[in-house]
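Notes for the one structure printed next.
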Amino acid sequence: AATSQRCLRTDDLDKVGKTSAHHTLFEMLGNFSFGDYFKKEAIAWSWDFLTNVMDLPKERLYITVYKDDDEAKDMWKKIVPESRIIKMGDETNFWTMGPTGPCGPCSEILLDLGEEMGCGKPDCGPQCDCNRYLEIWNLVFTQFDRQEDGSLKLLARKNIDTGMGLERLVAAVNGKNNVFETDLFMPVMKAAGDLLKVSFNDNVQKLRMIADHARAI
């Protein structure tokens, strides 16, 4: 199954306009498998779509995998150099729907926007919270059923659940470092600036907020 979901995300409200990628509304593009294809296919097809269909530069794509998911890491090693695969922990790379129930490790695909977008720290990398590495797509491998005691039981039918933000994908394909610099937002920002009779360059952050909220409404 494939979906396009319009999502409202209010927990990022304070970040809108200040960062290069946060919105109150975003369109989540996803594909799902219910007991059919799993990690190998999801990984191969996501890479093929981003590099061959969307034509994103392979050398600027980085991969994160869950720290205990050696299976996914080994699959990615056949596609990208191991130096561009980063293991990460529960907070970013293990999806759950609650204290119990279906859950599983994640693998994220990130685009390096360039050193000029980074924080300048020596250890700046895909695990950093700065604006340099933009998460494009998150592949969730739902393979466990968490029990009341916290133990993980393998699901009889493993599932795939992926999510990719349309706005971030558009920015990546357009070669932009900021999602607001695409034609999803620029016309609204320019129109708002004209109506308010304010300088576009001096009010970019506020115009981003207006464009985001208008689009969400």
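The values are calculated or read from the model by the stated rules, or taken from the named source; none is laboratory data. Computed from a predicted model, the values in this text were never measured in an experiment. Backbone-built Cβ (ideal geometry, glycine too); neighbour counts: all protein chains shown. We work out accessible area using only protein heavy atoms, side chains counted, and drop any ligands, DNA or RNA first. Shrake-Rupley method; radii C 1.70, N 1.55, O 1.52, S 1.80 Å.
Please work out which one of (1) in contact (Cβ under 8 Å) with a residue 60 or more places away in the chain; (2) over 24 Å from residue 87 (Cβ atoms); (3) touching a strand residue (DSSP E or B) at 6+ places or on another chain (Cβ under 9 Å); (4) not aliphatic (A, V, I, L, M) is the condition residue 64 fails and give its number.
(2)
Identify, please: which residue in the stretch 1-55 is of a type in the set (S, T, N, Q) and touching a Lys or Arg at 6+ places or on another chain (Cβ under 7 Å) and is, among those, nearest to residue 167 (Cα to Cα)?
Checking each candidate, the answer is 24.
Restricting to the stretch 55-113, give me the number of residues that are of a type outside the set (S, T, N, Q) and assigned to a loop (DSSP other than H, G, I, E, B).
Residues in the stretch 55-113 being of a type outside the set (S, T, N, Q) and assigned to a loop (DSSP other than H, G, I, E, B): 15 in total.
When only residues in the stretch 171-208 that are among the β-branched types (Val, Ile, Thr) and in a loop (DSSP other than H, G, I, E, B) count, which is surrounded by the most Cβ atoms within 10 Å (Cβ to Cβ)?
182
Consider residue 116 carefully, then state whether it is farther than 30 Å from residue 35 by Cβ and part of a helix (DSSP H, G or I).
Here the answer is yes, as residue 116 does meet what is asked.
Give the residues of the stretch 32-58 that are open to solvent by 10 Å² or more (accessible area, probe 1.4 Å), within 17 Å of residue 109 (Cβ to Cβ) and either among the aliphatic types (A, V, I, L, M) or modelled with pLDDT under 95 (or both), sorted by residue number.
Scanning the stretch 32-58 gives 44, 53, 54.
Look at residue 46 and say whether it is within 17 Å of the chain's Cα centre (by Cα) and assigned to a loop (DSSP other than H, G, I, E, B).
no
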